[in-house]
Amino acid sequence: MKNVIQPVKGTRDFYPELMALRNWLYGKIRVVSERFGYQEYEGPFIEKIELYAAKSGDELVNQQSFVFQDRGGDPITLRPELTPTLARMVAQRQNELTFPLRWWSFGPFWRYERPQKGRTREFFQWNIDLIGVNTPEADAELLQICANFFREVGLGPQKVRLLVNSRRLMDQQLAKLGLEGDLRRAAFRLIDRMDKLQPSEWNDYALSQGLSIAQLEGIKNLLSNDEGWHQSEELCHVFELIQLTGLADYIRYDPHIIRGLDYYTGIVFEAKDLDGGRSILGGGHYDNLVAAVGGNPLPGVGFAMGDVMISLVLEKYGLIPPLPQNPAQVLVTVFDESRLASSFALAMQLRNAGLNTVFYPEAAKLPKQFKYADRIGVRFVVVSGPDEEAAGVITLKDLLYRTQETLTVPSAVEKIRALLAVGQGL
RNA sequence: GUGGCUGUAGCUCAAUGGCGGAGCGUCUGACUGUGGAUCAGAAGGGUGUGGGUUCGACCCCCAUCAGCCACCCCA
């Protein structure tokens, strides 16, 4: 086994078990997205690097992207996020699309980072955006979708929380402290780092960035004030709306939330596992992104959720249901060499009757064939030997209930249908 | 990009610097028309890779690759 070529660092192999989980998650995402009337879309997996250079932020573009040259020498990047692609797609058809536009997507992304818990170099992401209106109702809808998703998968507000802030509010507050330009950007970084540094280190860092003692105190007050949102009209309005949804327990104001992406201009939010602390999803409101890629100005709000962290969280809380091992419902055994062809035909007969059927492709001993059916998770086994053949019937065994009866093919089909309906989820 | 831990059979792990083992799994049989249980037997690795130290290396040293964890950053 040592000669097997290793997979690319930070990638995952989706063996059927993991693929089933991915598709289960995809299904939940689809249900919630469609519940709110969003349409599924997808963009290319590769883009020109300029697309991200426009607005995504330096680190994401210069250090975390997979970049290569195509044969013509043009720099191409594996997409590290979807929002710029979305902005581009919207800008290209700006005059044909009907706004407000509600789109969602679930696809692969790549970031060149050191893999660790909850982070791989290739991951899947749910992106969902509402574009074309600039209202608190739009912002509140996206928060509602997040919370509704958590409720859909069984994550209650005691386990996860949506932390919300406003870039606009933070800008105003920092301006009041006399922080402009580079100093304000430094302050944002400072806020971002507060829970990662010791208080004394944090103070030193702040002063080293050129902030005054008074400004530092001002930031501390800002961050410790849970009621700061009252000074933001948009946050007040958003929180009011959330009260009407029955999902308010999920949502809380948190002035520490800043977000790394440069294009956010209004509310920003992150969902966190209250037990683990890591961020499950993040998003916000952006006013200028469509214009940044060459379109006319158009606001939007959206978020992205990676599959890796949410899967870890769901697994931790035991919220991933048992997923079907095998799509097959029936296995047709081969009694002996002489019956290979008749069994082969019988299997197709069952498929034509609408049953997912596996045919055992050689004349092995029956115990082996039963064992195989059991292992791969097929519930029903059909046997057709000399006795059955003489009587014009087949034997049907239910491995789940260990029952068995002999009956004609059409009644066996009916029997299986009836038992599948009853035994679902057992 | 920085730091730490780890790397032995398909899997989970043992093995003072002195002949590499166990459990689970797999295969075969007991059970010659019936799966999961039990019992018996068998196959399967030369220790991630490349160097070095040593009479002798899974064990010590260096490098490298990979995984994990934290930082950075973020989904």
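From the list A:LEU179, A:LEU130, A:LEU174, the lone residue that is assigned by TED's automatic domain parsing to the domain that holds A:ASN225, within 26 Å of A:GLY228 (Cβ to Cβ) and part of a helix (DSSP H, G or I) is A:LEU174.
Regarding region A:353-375, can at least one residue be identified that is surrounded by fewer than 13 Cβ atoms within 10 Å (Cβ to Cβ) and touching a Pro at 6+ places or on another chain (Cβ under 7 Å)? Yes, there is a match, as at least one residue in region A:353-375 is surrounded by fewer than 13 Cβ atoms within 10 Å (Cβ to Cβ) and touching a Pro at 6+ places or on another chain (Cβ under 7 Å). Output the residues belonging to region A:388-403 that are within 23 Å of A:PRO361 (Cβ to Cβ) and either at pLDDT below 90 or open to solvent by 30 Å² or more (accessible area, probe 1.4 Å) (or both). Within region A:388-403, A:GLU389, A:LYS397, A:LEU399 qualify. Within region A:112-160, if we keep just the residues that are more than 15 Å from A:LEU101 (Cβ to Cβ), small (Gly, Ala, Ser) and more than 16 Å from RNA strand B (Cβ to nearest atom), the residue that is surrounded by the fewest Cβ atoms within 10 Å (Cβ to Cβ) turns out to be A:GLY156.
Scanning region A:184-209 for residues that are away from RNA strand B (no atom under 12 Å from the Cβ) and open to solvent by less than 50 Å² (accessible area, probe 1.4 Å) yields A:ARG184, A:ALA187, A:ASN203, A:ALA206.
Would you pick out the residues in region A:161-176 that are open to solvent by 10 Å² or more (accessible area, probe 1.4 Å) and of a type outside the set (A, V, I, L, M)? Residues satisfying the conditions are A:ARG161, A:ARG167, A:ARG168, A:ASP171, A:GLN172, A:GLN173, A:LYS176. Just so you know, in region A:345-383 the residues that are in a helix (DSSP H, G or I) and at pLDDT 95 or above include one that is nearest to RNA strand B (Cβ to nearest atom), and it is A:LEU346. When A:ALA291, A:ALA304 are checked against the criterion of being more than 24 Å from A:ARG379 (Cβ to Cβ), open to solvent by 30 Å² or more (accessible area, probe 1.4 Å) and among the hydrophobic types (A, V, I, L, M, F, W, C), A:ALA291 stands alone in meeting it.
In region A:13-34, which residue that is basic (Lys, Arg) and in contact with a helix residue (DSSP H, G or I) (Cβ under 7 Å, 6 or more places away or on another chain) is farthest from RNA strand B (Cβ to nearest atom)? Among those residues, the one meeting the criterion is A:LYS28. Among the candidates A:ARG93, A:ARG102, the residue that is within 21 Å of the chain's Cα centre (by Cα), away from RNA strand B (no atom under 13 Å from the Cβ) and open to solvent by 30 Å² or more (accessible area, probe 1.4 Å) is uniquely A:ARG102.
Within region A:404-425, the set of residues being under 24 Å from A:ALA364 (Cβ atoms), over 39 Å from the mean Cα position of the chain (by Cα) and part of a helix (DSSP H, G or I) comprises A:VAL409, A:ALA412. If you go through region A:412-426 and pick out every residue that is away from RNA strand B (no atom under 16 Å from the Cβ) and modelled with pLDDT of 90 or more, you end up with 4.
If only one of A:ILE280, A:ILE267 is within 12 Å of RNA strand B (Cβ to nearest atom), within 22 Å of A:ASP129 (Cα to Cα), crowded, with 21+ Cβ neighbours inside 10 Å and in the same structural domain as A:VAL164 (by TED's automatic domain parsing), which one is it?
Going through A:ILE280, A:ILE267 in turn, the sole match is A:ILE280.
Among the residues making up region A:3-19, those that are part of a loop (DSSP other than H, G, I, E, B) and out of contact with any strand residue (DSSP E or B) (no Cβ under 6 Å at 6 or more places or on another chain) are A:ASN3, A:VAL4, A:ILE5, A:GLN6, A:PRO7, A:VAL8, A:LYS9, A:GLY10, A:ARG12, A:ASP13, A:PHE14, A:TYR15.
The values are calculated or read from the model by the stated rules, or taken from the named source; none is laboratory data. Values in this document were obtained by computation on a predicted structure and should not be read as measured data. Because the Cβ atoms are built from the backbone with ideal geometry, glycine has one as well, and the counts that use them run over all protein chains shown. These accessible areas exclude ligands, DNA and RNA; they are computed on the full protein's heavy atoms, side chains included. Shrake-Rupley method; radii C 1.70, N 1.55, O 1.52, S 1.80 Å.
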